[in-house]
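Trainee: I'd like to ask some things about the structure below.
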Amino acid sequence: MSELVDFLIVSVVLIAIGIYGLVVKRNAIRMLFSIEIIANAANLTLVAFARGLPNAQGQTFALFSIAIAAAEVAVGLGLIIVAYRLYKEIDVAEFRSMRG
Amino acid sequence: MADPIFIAVAVLTVGTAIIALEARELIYGAIALAISMLGIAGFFLLLDAPFVAMFQIAVYVGAVAVLIIFTVMLVRTQALFTTKEDKKRKGAGIALMLIIMASLGALLFVSGINGQFGNFDSAEAIDFREIGELMLTYYAPALIILG
């Protein structure tokens with residue numbers, strides 16, 4: 001049967017993939033994908049420990065985290081659409097109107 | 001070692017997460033991200049958390065993934081975008097990812113968490129009523145602010 005450490009390994013792998021996407025990718029939407037992957041991995045860790053202990057607070061925290069991440073994605077997508085309207089590009093290297 | 005359902009869901013989640021980042025077309029990446037979130041919901045079901053799993057499906061797959069697909073539809077990226085990515089940054093990114101995986105993994109195994117939760121499967125599952133009770137009594141201020 002699967003142990004707690006198996007879920008944690010999956011979570012670590014997902015966090016690493018998310019950090020890779022955040023560092024390497026220049027497309028703003030792909031960076032948003034990476035942020036979502038990291039948030040999902042964190043929720044997985046929360047619920048895995050909540051099952052292991054057993055404690056209902058872990059699942060409650062995961063529910064709050066899911067709701068907050070959804071709101072943050074909405075804000076991020078709004079920013080991307082406004083930036084696309086302004087620059088006609090979503091390459092983050094092109095967002096340079098504030099550069100000195 | 002682990003049961004096959006867990007391995008299947010893990011391969012699905014991690015594989016579609018990689019596809020979400022590396023797919024040539026953005027729309028395929030968005031669909032792969034939605035499938036990855038479904039995989040995470042599957043993990044929640046494996047962890048005896050049906051309430052969180054349904055919440056994840058309703059919010060993430062139902063709202064967030066659809067929002068992302070709408071945005072991908074509104075934003076039209078040129079075809080020559082993918083040729084601008086340079087190899088050195090990608091190599092550094094892969095090295096960073098492997099370092100993070102190795103260090104966090106080593107931390108996991110050294111901390112001795114492997115044997116501690118001996119009753120992982122035989123412990124009681126959390127009742128969703130318990131979550132509701134917690135939500136409305138202890139976490140009520142957070143819930144109100146979140147609303």
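Trainee: Starting from the stretch B:9-35, take each residue that is of a type in the set (D, E, K, R) and list its partners that are surrounded by fewer than 20 Cβ atoms within 10 Å (Cβ to Cβ), counting only C-beta distances under 6 angstrom and pairs at least six apart or across chains.
Mentor: No pair meets every condition.
Trainee: A further question follows. Identify the single condition in (1) over 22 Å from A:T60 (Cα atoms); (2) at pLDDT 95 or above; (3) crowded, with 23+ Cβ neighbours inside 10 Å that B:I68 does not satisfy, given that it satisfies every other one.
Mentor: Of (1) over 22 Å from A:T60 (Cα atoms); (2) at pLDDT 95 or above; (3) crowded, with 23+ Cβ neighbours inside 10 Å, only one is false for B:I68: (2).
The values are calculated or read from the model by the stated rules, or taken from the named source; none is laboratory data. It should be emphasised that the depicted structure is a prediction, and the values quoted were computed from it without experimental measurement. All Cβ positions, glycine included, derive from the backbone under ideal geometry; neighbour counts span all protein chains shown.
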